[in-house]
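The values are calculated or read from the model by the stated rules, or taken from the named source; none is laboratory data. Keep in mind it's a predicted model, so treat the numbers as computed, not measured. Please note: Cβ atoms are built from the backbone with ideal geometry, for glycine as well, and neighbour counts cover all protein chains shown. All accessible areas refer to the heavy atoms of the entire protein, side chains included, with ligands and DNA or RNA removed. Shrake-Rupley method; radii C 1.70, N 1.55, O 1.52, S 1.80 Å.
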Amino acid sequence: MSANLINMLLEATLQTLYMVAISGALGTIFGLPIGVYLAVSQRGELLSSPAVNKVLGLVVNATRSVPFIILVVAIIPFTRLIAGTSIGALVGGCYLAGKLDWFPVHGYESGLAGIPYLVLPVLIGVVAGLGSNVRFYRTVMLDEINCDYIRTAYAKGVSTPRVLFVHVLKNAMIPVRKKPCVILAGHANLSAAV
């Protein structure tokens, strides 16, 4: 391989890692509060709100369990509505970049000038991974909520906000801190597909 090719591959790899890191961080920032809310708003849990929990859980399960290709087909009517066509290159190239001038649809620049090039792939990465991230965070929270030390804290008269923020979240952060490794691998696979 020539030195020029190696430099191009290295640059593209770094750009992909940068995009994956941003979408993984944003997925955690948006997914963790939703997962926590789903865990604590179930019937009989800390902040019981079963109706809202059911609707939000349905939306999360729909985004998580629908394969990406079916999701792409499902948004065809939406793309026809906003752009008049459902052909991806025409929607992205002509409408979003041409008419609206929201962001470029190809290329990349270094530094802060590269931010507009990251918007669409990062947004896709966050939305595509949000369902599974929320379910992971919900499961971690439910595991902690059902531990004996939480019942002991309530028996001692500790308030619900204190139990949630001091005891549950503190201990739930152990697996959450390990999740970026899994997110990194998942988003790298997604970025290769996009």
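Below are the figures for this structure:
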{"read-out": "Candidate set from the stretch 106-154 (those that are surrounded by 19 or more Cβ atoms within 10 Å (Cβ to Cβ) and of a type in the set (D, E, K, R)); member that is farthest from Lys179 (Cα to Cα)", "value": "Glu144"}
{"read-out": "Checking Phe78 against (1) modelled with pLDDT under 85; (2) surrounded by 12 or more Cβ atoms within 10 Å (Cβ to Cβ), the condition it does not meet", "value": "(2)"}
{"read-out": "Matching residues, the stretch 155-168, being open to solvent by 30 Å² or more (accessible area, probe 1.4 Å) and closer than 19 Å to Tyr37 by Cα", "value": "Ser159, Thr160, Pro161, Arg162, Phe165, Val166, His167"}
{"read-out": "Residue count, the stretch 118-167 (criterion: in contact (Cβ under 8 Å) with a residue 12 or more places away in the chain, assigned to a helix (DSSP H, G or I) and farther than 25 Å from Thr63 by Cβ)", "value": "7"}
{"read-out": "So Ser65, is it polar (S, T, N, Q), open to solvent by less than 50 Å² (accessible area, probe 1.4 Å) and at pLDDT 65 or above", "value": "no"}
{"read-out": "Subset of the stretch 4-43 [open to solvent by 70 Å² or more (accessible area, probe 1.4 Å) and farther than 30 Å from Val119 by Cα]", "value": "Arg43"}
